[in-house]
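What follows is a single structure, written as C-alpha cells, with notes after it.
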Amino acid sequence: MRGSTAGWGVAALVGAALTVGCAGMPGLEGAAGASRFAALQTMCGAQTDYGADAQSVYGTLFDAYVAYRHGKLTQSDYCAFEAGIAEHYRMRAGGGADAQRTWAQYFNAQRVKAIDWRAQVDPTLRGG
C-alpha cells in the first residue's frame, strides 16, 4: 500500500509540472488567426496534420522551442526532435491498436524530455 501512495505523489508532481507548462503556453492560433503551431513546424520544413493530437503535440513542441530559444537546444536538435515526433505519428496513423499504444508511449517520453529541457531554462517550471 505504501508504494502505491508514493506513485500517486509522483503522478501529482508530474501533473503539476504539466499544468504549469500549459499555463505558459499560448494557444494554437496566433494574432490575426495565424497559426503558431504552423510557425513552429515551418521552422524545420514540412508540416504534419496531427488531428486530435494537435494541441498536445503543439505543447510539447512549444516547450522544446522555449529550450531552443534559450540556447538549450540547437536548431538542428530541435528539428530532429520535431521530425521524430512527426515520423512516429505517421507510423501510428497507419497501424492498429499496437501502433496507437506505441505512439502514446513514445509521445509521452518526448513530452517528458521537452518539459525537462524547458525547466532547465525557464524558472517558472522549477517551482522557485
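The values are calculated or read from the model by the stated rules, or taken from the named source; none is laboratory data. Nothing here was measured: the structure is a model prediction, and the numbers come from that model. Methodologically, a virtual Cβ is constructed for each residue, glycine included, from the backbone with ideal geometry; neighbour enumeration extends over all protein chains shown. Just so you know, the surface numbers come from the protein's heavy atoms only, side chains and all, with ligands and any DNA or RNA stripped out. Shrake-Rupley method; radii C 1.70, N 1.55, O 1.52, S 1.80 Å.
In summary, H88 fulfils each of the numbered conditions (1) modelled with pLDDT of 85 or more; (2) within 13 Å of the chain's Cα centre (by Cα); (3) not small (G, A, S) with the single exception of condition (2). From the list Q41, Q110, the lone residue that is open to solvent by less than 40 Å² (accessible area, probe 1.4 Å), in a helix (DSSP H, G or I) and at pLDDT below 90 is Q41. Scan the range 85-107 for residues that are out of contact with any Phe, Trp or Tyr (no Cβ under 9 Å at 6 or more places or on another chain) and not in a helix (DSSP H, G or I) and jot them down. Hits for the range 85-107 are G94, G96.
Annotation for the range 25-36: at least one member residue is surrounded by 14 or more Cβ atoms within 10 Å (Cβ to Cβ), of a type in the set (S, T, Y) and at pLDDT below 90. Looking only at the range 50-68, residues that are touching a helix residue (DSSP H, G or I) at 6+ places or on another chain (Cβ under 9 Å) and surrounded by fewer than 13 Cβ atoms within 10 Å (Cβ to Cβ) come to 1 in all.
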